[in-house]
Amino acid sequence: MVLKLNLQKEKRMVMEITYVIASFIISSILVNVVLGLFMKIIGAKAMLFNGKKRFVTILVVTWFIFNMIHGA
């Protein structure tokens with residue numbers, strides 16, 4: 001009985017972790033798409049966002065959207 005309960009708890013935890021990771025990946029893909037369109041519209045100024053700076057920007061924006069989705 002106790003073993004069954006623990007198994008359910010672990011299963012729930014795995015599902016929650018999977019959900020969090022999946023939603024983070026989905027939101028990062030959305031951010032990439034939106035930023036991509038944004039860069040295309042800007043054009044010349046998009047050169048500022050190459051390399052590490054762009055990666056950090058994507059990470060930060062993704063984190064904000066991720067937190068907004070989860071209401072944290």
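The values are calculated or read from the model by the stated rules, or taken from the named source; none is laboratory data. Worth saying up front: this structure is predicted, and the values here are computed from it rather than measured. We place every Cβ from the backbone using ideal geometry, glycine too, and count neighbours over all the protein chains shown.
Are there any pairs with C-beta distances below 7 angstrom linking a residue in the stretch 20-35 that is within 14 Å of Met68 (Cα to Cα) to a residue that is part of a helix (DSSP H, G or I) and among the polar types (S, T, N, Q), with the two at least 6 apart or on different chains, and if so which?
Ser27/Thr62; Ser28/Thr62; Val31/Thr62
Any chance the stretch 51-62 includes a residue that's in a helix (DSSP H, G or I) and either at pLDDT 80 or above or hydroxyl-bearing (Ser, Thr, Tyr) (or both)? Even if it seems obvious, please write down each step before you answer.
Looking only at the stretch 51-62, we keep the residues that are in a helix (DSSP H, G or I), and these are 52-62.
Adding the requirement that they be either at pLDDT 80 or above or hydroxyl-bearing (Ser, Thr, Tyr) (or both) leaves 57, 62.
Checked the stretch 51-62: at least one residue is in a helix (DSSP H, G or I) and either at pLDDT 80 or above or hydroxyl-bearing (Ser, Thr, Tyr) (or both).
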